[in-house]
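The values are calculated or read from the model by the stated rules, or taken from the named source; none is laboratory data. Computed from a predicted structure; not experimentally measured. Don't worry about glycine lacking a Cβ; one is built from the backbone with ideal geometry, like all the others, and counts go over all protein chains shown. Just so you know, the surface numbers come from the protein's heavy atoms only, side chains and all, with ligands and any DNA or RNA stripped out. Shrake-Rupley method; radii C 1.70, N 1.55, O 1.52, S 1.80 Å.
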Amino acid sequence: DSGVTQTPKHLITATGQRVTLRCSPRSGDLSVYWYQQSLDQGLQFLIQYYNGEERAKGNILERFSAQQFPDLHSELNLSSLELGDSALYFCASSPRQGAGNTEAFFGQGTRLTVV
Amino acid sequence: GENVEQHPSTLSVQEGDSAVIKCTYSDSASNYFPWYKQELGKRPQLIIDIRSNVGEKKDQRIAVTLNKTAKHFSLHITETQPEDSAVYFCAASTRGDNNDMRFGAGTRLTVKP
């Protein structure tokens, strides 16, 4: 168990709908990353939050948005869903450190299926 | 921002052979290079990492090498076993209080018995 919790594990929804994916980082971790992994593809970085603020943006569509709350949990909102949005969405968190870097810890992912 | 390229995208080896996966990065400020293994249907998990002050690191059958001048690093797996079959991701991160980790596209390794 990585200590990163993602809910729900599975989500099936129809095209045009909106869903919210939730991530609770490891205790004490300030950075949260969201990744999209489509079938047979790598991890596509979507967005990063650090201590409540957006830190970096990757290949995130305008239909997608995210936020990190004061308690450091994060939500990824996906709207106007399309079939191509079906994917495994991972959240990862990393520790706050004074110098240097350490690994990112991944949650188990949320498998989104758009029908 | 950082850009990480990973090759090959797929790799098939015979059990007992070695496997090598290579990555290049663009940001010379990157100083932390982890490798993650993702088995089918599971989350990525760290298998080995290397920091910029080290040129090589080994852990049993896996090793990672880093060439900061050329900005590339590699994962070496020796005496491969079927359970090594998975997707492997390299990543690069820059110095700071928070990580700016960027991943390569992944390599699907298949070890044939």
Practice task
Please give the number of the condition A:P70 fails out of (1) open to solvent by 40 Å² or more (accessible area, probe 1.4 Å); (2) within 14 Å of chain B (Cβ to nearest Cβ).
Solution key: (2)
Handout entry: Candidate set from region A:34-55 (those that are open to solvent by 50 Å² or more (accessible area, probe 1.4 Å) and not acidic (D, E)); member that is nearest to B:L109 (Cα to Cα)
Key = A:Q41
Exercise for the section: Would you mention how many residues in region B:83-99 are modelled with pLDDT under 95, not in a strand (DSSP E or B) and not acidic (D, E)? Expected result: 4
Practice task
Might you let me know whether region A:91-106 holds any residue that is touching a helix residue (DSSP H, G or I) at 6+ places or on another chain (Cβ under 9 Å) and under 22 Å from B:W35 (Cβ atoms)?
Solution key: no
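Please report, ordered by residue number, the strands (runs of 3 or more DSSP E) entirely within region B:6-69 with at least 2 residues that are touching a residue at least 40 places away in the same chain (Cβ under 8 Å) and either touching a helix residue (DSSP H, G or I) at 6+ places or on another chain (Cβ under 6 Å) or surrounded by 19 or more Cβ atoms within 10 Å (Cβ to Cβ) (or both).
On the way: elements: B:10-14, B:19-25, B:30-38, B:45-51, B:56-59, B:62-67.
Strands (runs of 3 or more DSSP E) meeting the threshold: B:19-25, B:30-38.
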Completion exercise
Looking across region B:6-58 at residues that are within 16 Å of B:T78 (Cβ to Cβ) and out of contact with any strand residue (DSSP E or B) (no Cβ under 6 Å at 6 or more places or on another chain), the single one that is nearest to the other protein chains (Cβ to nearest Cβ) is B:K58
Handout entry: Criterion (farther than 25 Å from B:P34 by Cα, touching a strand residue (DSSP E or B) at 6+ places or on another chain (Cβ under 8 Å) and not hydrophobic (A, V, I, L, M, F, W, C)) met by exactly one of A:E62, A:E75
Key = A:E75
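Are any of the residues in region B:86-98 open to solvent by 40 Å² or more (accessible area, probe 1.4 Å) and facing chain A (nearest Cβ under 10 Å)?
To start, the set of residues in region B:86-98 that are open to solvent by 40 Å² or more (accessible area, probe 1.4 Å) comprises B:95, B:97.
From what's left, facing chain A (nearest Cβ under 10 Å): B:95, B:97.
Yes, region B:86-98 has at least one match.
Test of understanding: among A:L11, A:L21, which residue is surrounded by 21 or more Cβ atoms within 10 Å (Cβ to Cβ), away from every other protein chain (no Cβ under 14 Å) and in a strand (DSSP E or B)?
Criteria check complete, one pass: A:L21.
Could you tell me whether B:T80 is more than 9 Å from every other protein chain (Cβ to nearest Cβ), more than 22 Å from A:A104 (Cβ to Cβ) and assigned to a strand (DSSP E or B)? Can you show your working first?
Working: more than 9 Å from every other protein chain (Cβ to nearest Cβ): yes; more than 22 Å from A:A104 (Cβ to Cβ): yes; assigned to a strand (DSSP E or B): no.
Answer is no for this residue.
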